[in-house]
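Undergrad: This is the structure I want to talk about, given as structure tokens.
Each reported figure results from applying straightforward, stated rules to the coordinates on display, with no laboratory input. Treat the numbers as computed from the prediction; the structure is a model and nothing was measured. Every residue, glycine as well, gets a Cβ built from its backbone with ideal geometry; the counts of neighbours run over all protein chains shown.
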Amino acid sequence: MRPLVWFRSDLRTLDNAALSHAARAADAGAFALFVISPGEWREHDYAPAKVDLILRTLRELSASLAKYNIPLLIRTAPLAKDVPMVVTTVMREHACDALFFNKEYEVNEARRDARVAALCKQQGWSVTACTDQSILEPGDVLTGEGRPFTVFTPFKKAAYRVIESRGGVREWPLPKKQHAMLAQPDLVPGAVAGFASRVDPAHWPAGERDALAQMRHFIEKTITRYKDERDFPGQRGTSMLSPYLAIGAISPRQCVVAAVQANAAFMREKDSPLDSGNPGISHWISEVLWRDLYIHITHSFPRVCKGRAFQPATERIEWNDNPQHFEAWKQGKTGVPIVDAGMRQLLEIGWMHNRVRMVVAMYLTKNLFLDWRLGEKWFMQNLVDGFLASNNGGWQWSASTGTDAAPYFRVFNPISQSQKFDPQGEYIRTYVPELRDIEGDAIHEPWTLPGLLRSRIDYPEPLVNLSASRSRAIEAFRELKSGV
Ligand SMILES: Cc1cc2nc3c(=O)[nH]c(=O)nc-3n(C[C@H](O)[C@H](O)[C@H](O)COP(=O)(O)OP(=O)(O)OC[C@H]3O[C@@H](n4cnc5c(N)ncnc54)[C@H](O)[C@@H]3O)c2cc1C
């Protein structure tokens with residue numbers, strides 16, 4: 001057999017199901033392929049920073065694959081519809097007779113893969129689609145009635161039972177080295193037209209080696225404090241591994257295996273290594289599992305990939321139409337410091353702290369009462385870790401339209417969030433330089449400064465009254481629930 005391993009959002013050599021299976025099955029050499037797909041990426045709102053990270057990671061991947069004598073071929077498919085033909089042409093050119101890839105669960109990706117599989121089967125080539133993106137295959141964790149879970153805590157309990165019944169989370173074996181390299185790897189382009197990133201690449205070192213080093217560093221130095229520090233955006237209390245998980249430079253299994261190993265030192269007899277032991281470690285494992293839940297939801301409820309609300313009734317909400325407010329939100333000029341700091345962090349480094357993602361998303365959907373789909377799209381267009389399942393899940397959670405969502409009446413007050421989670425205003429000062437010199441609590445609400453001081457700061461007044469806008473949003477949801 002001569003397999004072709006088609007890489008997509010799994011850009012690593014370690015713990016890669018498709019690569020591991022293909023390299024083991026090969027007896028006549030193996031090839032790897034990555035398809036640069038600008039049309040597909042545009043349709044799916046890939047951020048330039050994410051494309052840049054992908055390209056830099058591909059260079060590392062190509063060098064790692066070469067150590068296994070597997071050349072990485074790079075092809076371009078201008079439009080999404082061209083991808084199947086590009087893949088099958090490579091199969092033919094290199095006399096491959098088996099295609100291996102790791103499954104992706106979004107609607108368009110699943111359709112694309114079904115088309116590729118059909119074309120391969122017409123040629124008599126075998127196709128192996130592996131479970132790799134999530135810890136558990138969507139469909140493997142179901143309620144007692146055989147339905148997919150939509151609420152996190154029961155999902156987590158059931159998922160842990162499944163994992164423990166299988167003897168824990170395991171990584172896939174290393175790929176087998178091939179006898180000879182059958183071709184030279186292709187050069188990876190430095191850029192793709194239409195995706196010029198303004199994010200400094202130094203923020204996001206590329207490649208699985210760096211991703212693993214970052215994970216190990218987090219586990220050695222920070223994870224035990226995770227539960228206490230994860231909500232403070234001014235501190236480095238989280239792993240910042242999401243960009244690497246999104247493109248697959250690291251796998252969720254590698255994360256859980258490393259965390260479970262670290263937890264061994266804290267375990268008492270009969271403890272579960274997943275949800276007891278050190279509270280920081282078990283909390284981090286459960287956050288990694290949120291990603292799994294959202295992947296499972298994408299698979300079981302494909303409407304979330306089509307811009308539709310998880311709770312269909314919320315489709316009746318008449319969101320405001322206010323391009324000026326949306327623009328101010330995008331640029332971090334709403335006049336609410338914590339919101340503006342988050343939106344500017346997104347523009348500056350292509351990433352935003354989770355607590356602040358929730359704050360800015362609630363502010364957009366509840367205070368400005370703008371459609372969550374606008375925010376979802378802007379995030380995807382700018383996030384280096386843009387990942388449909390988690391992004392959609394996060395937005396629909398914040399908008400109270402989603403699964404296990406924030407109840408509509410529990411609207412975050414961005415000022416109290418700011419006071420609680422950025423008490424000294426360090427985060428705000430980092431990203432909103434015009435507020436850098438404000439002392440004390442006024443950093444959270446600069447409109448409370450005395451007139452003269454206020455007039456010296458070039459910073460906008462709040463777009464809306466927080467309390468009145470909050471009440472209006474709650475009322476709109478209440479009317480919806482009562483069917484008015
Ligand atoms: C409105 C909104 C949009 C979001 N968009 C994305 C997105 O496009 N891509 C993305 O990866 N995450 C998204 N998230 C989830 C979360 O904010 C990020 O995963 C997290 O901030 C990444 O930081 P970290 O790697 O330091 O996380 P850590 O706290 O170190 O967690 C480890 C990993 O667990 C996963 N994880 C943690 N929290 C969540 C969560 N709430 N939902 C799903 N997975 C989680 C991530 O893969 C993360 O890298 C979004 C959340 C919200 C509220």
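Undergrad: Are any of the pairs K157/K270; K221/K420; K333/K420 more than 20 Å apart by Cα-Cα distance, and if so, which?
TA: Too far apart for the 20 Å limit: K221/K420; K333/K420.
Undergrad: Also: Quick one: T89, T403, fewest Cβ neighbours within 10 Å first, how do they rank?
TA: By the 10 Å Cβ count, ascending, the order reads T89, T403.
Undergrad: Quick one: if you stick a label point 7 Å off each Cα along the C-beta vector at D27 and F409, how many nm between them?
TA: Spacing of the two 7 Å Cα→Cβ label points: 6.8 nm.
Undergrad: Further question on the same structure: With a cap of 15 neighbouring Cβ atoms within 10 Å, and only residues DSSP puts in a loop, list the GluC sites (Glu not before Pro) found in the range 258-341. Let's see the in-between values first.
TA: Numbers: sites: E269, E287, E315, E318, E327; in loops: E269, E318.
Those satisfying the criteria are E269, E318.
Undergrad: Between E315 and K81, what is the label-to-label distance in nm when each label sits 7 Å out along the Cα-to-Cβ direction?
TA: Using points 7 Å along Cα→Cβ, the separation is 2.6 nm.
Undergrad: Under the rule of -39500 (n - 2.57) per DSSP H run of 4 or more residues, summed and divided by the residues of the chain, what mean residue ellipticity at 222 nm is obtained, to the nearest 500 deg cm²/dmol?
TA: Only helices count here, giving -14000 deg cm²/dmol.
Undergrad: Turning to a different aspect of this structure: Compute for the range 413-468: radius of gyration divided by Kirkwood radius, i.e. Rg/Rh, restricted to C-alpha atoms, rounded to two decimals.
TA: Reported Rg/Rh (Cα atoms, Kirkwood Rh): 0.94.
Undergrad: If Lys and Arg each add +1 and Asp and Glu each add -1, what is the summed charge of the other residues whose beta carbon sits under 15 Å from the beta carbon of S20?
TA: Combined, the nearby Lys, Arg, Asp and Glu give +3.
Undergrad: Something else now. Dipole magnitude of the range 3-130 about its Cα centre, charges +1 at Lys/Arg Cβ and -1 at Asp/Glu Cβ only, in debye to the nearest 20?
TA: My answer is approximately 120 debye.
Undergrad: Roughly what would the spin-label model give for R454 and E287, points 7 Å off Cα along C-beta, in nm?
TA: 3.7
Undergrad: Taking each pair of different alpha-carbon atoms in the range 312-482 once, compute 1/r for the pair, average those values, and report the inverse of that mean as the Kirkwood hydrodynamic radius in Å to one decimal.
TA: 16.3
Undergrad: Please compute the net charge surrounding V151, taking Lys and Arg as +1 and Asp and Glu as -1 over other residues with Cβ under 15 Å from its Cβ.
TA: 0
Undergrad: Looking at L55, T314, L4, which one has the Cα that reaches farthest to the positive end of the dipole of the chain (charges on Cβ: Lys, Arg +1; Asp, Glu -1)?
TA: Among L55, T314, L4, the one farthest towards the positive end of the dipole of the chain is L4.
Undergrad: Just to be sure I understand the curve: with the Debye formula and one point per C-alpha of the range 238-383, what is log10 I(q)/I(0) at q = 0.12, 0.19 Å⁻¹?
TA: These q points yield log10 I(q)/I(0) values of -0.66, -1.18.
Undergrad: Along the charge dipole of the range 152-232, pointing to its positive end and built from +1/-1 on Cβ of Lys, Arg, Asp and Glu, which listed residue (Q214, A159, A183) has its Cα farthest out?
TA: A159
Undergrad: Quick one: net charge of E171's neighbours, Cβ under 14 Å, K/R +1, D/E -1?
TA: Net local charge, E171 excluded: 0.
Undergrad: Apply 1/(1 + (r/R0)^6) to the Cβ-Cβ distance of R147 and Q261, taking R0 = 56 Å, and write down the FRET efficiency to the nearest 0.05.
TA: 0.95
Undergrad: At a Förster distance of 25 Å, what's the computed FRET efficiency of E269 paired with K157, Cβ-Cβ distance as r, to 0.05? It would help to have the intermediate numbers written out before the result.
TA: On the way: r = 21 Å, r/R0 = 0.83.
My answer for the efficiency is 0.75.
Undergrad: If you don't mind, there's one more thing I want to ask. Near K121, which aspartates and glutamates are there with a Cα under 14 Å away, not counting those fewer than 8 places off in the same chain?
TA: Counting by Cα, and skipping residues close in sequence, K121 has these aspartates and glutamates nearby: D97, D113.
Undergrad: Further question: Of L453, G402, S469, which is farthest along the charge dipole of the range 388-483 in the positive direction, counting Lys and Arg as +1 and Asp and Glu as -1 at C-beta?
TA: G402
Undergrad: Along its principal axes, what span do the Cα atoms of the chain show, with the longest given first and each in whole Å?
TA: 77, 57, 48
Undergrad: Using unit Cβ charges (K, R positive; D, E negative) and no other charged atoms, how large, in debye to the nearest 20, is the dipole of the chain about its Cα centre?
TA: It works out to roughly 740 debye.
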